[in-house]
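Read the structure below first, then the notes.
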Amino acid sequence: MTFLLFKRKKREETKNTSENEKPPQPTSIPLSLKIEKSFTVEDVNRARSELRVSSVEKEILSESLTRLYEAAAEGRITPEERDRLVAKYREQLSKIDSVLDYNQKLISLYELEEARAELIKMFQEKFYEVNKKIEEIRRKIGLTPKKVAEVKLTPTPTPTLTQPTTKESKPPPAEKPSPPTPRRSKADEELEKLRQDLQKELEKLEQIELEG
C-alpha cells in the first residue's frame, strides 16, 4: 500500500513538473521601438534656410571689413572711424557665427537621429530575414529549440589610450603558417554581409558627427 502511494505521488510530481515547463519561445525582437526626435522636419528646413542666409550675411560683412581697412588706407575715413565701424561689424559677425553654429548642430543632430532610425530598421529587416530561414530549416528537419540563451545587448566601451612603455625591443616571434581557410557556408556569407552593412551605417554616423 505504501509503495502504491509513493508511486502515485511520484507520477503526480512528474506531471506537475512537465506542466510547469514551457517550451522555449521563438526568438523575436520588438515590432517597433520608441525613438525620441528632437526636431520636426519643419524645424530642420527652417534651420537650413537660416544657415544659407546667415552664410551670405557673413560673406557680406567680411567683405565690408576688408573695404573698411582699404578705405582707411586710402584716407577716405579716419582710423577712429574705421575702428568704430570694425567693432560694429565684428559684433554682428559674432551673432551670425552663433546662429550658424546652432543651426549646424541642429541639422547634424537631426541627421544622426534619422541615421539611427534607419540603422534600427535595417537591423530589424535583416533579423527577420535570418530568423525566417532558421525556422524553415528547423521545420524541414523536424527540430525544436532545446533551450533559450540570453544575449545581453550592452554598448561596447570606448578604448582608452595608454602611454607606451619603454621596453627593450625583442625580435618578433617567427610567423607560423596560417591554417587553410575553411570553406564558408551561405549563412556565413549572409552574416558577413550584415556586418558590412552595419559597419557602413556606423561609418556614416561617424562622418555626420565629424561634419557637425
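Distances between placed amide hydrogens fall under 5 Å for Ile77 paired with Ala72, all partners being 5 or more residues away or on another chain. Take the Cα radius of gyration of the stretch 30-122 and divide it by 2.2 N^0.38 Å, N being the number of residues; the result is 1.69.
Bear in mind these aren't lab numbers, they're just calculated from the coordinates by the rules spelled out. Just so it is clear, the model here is predicted, and its values are computed rather than measured.
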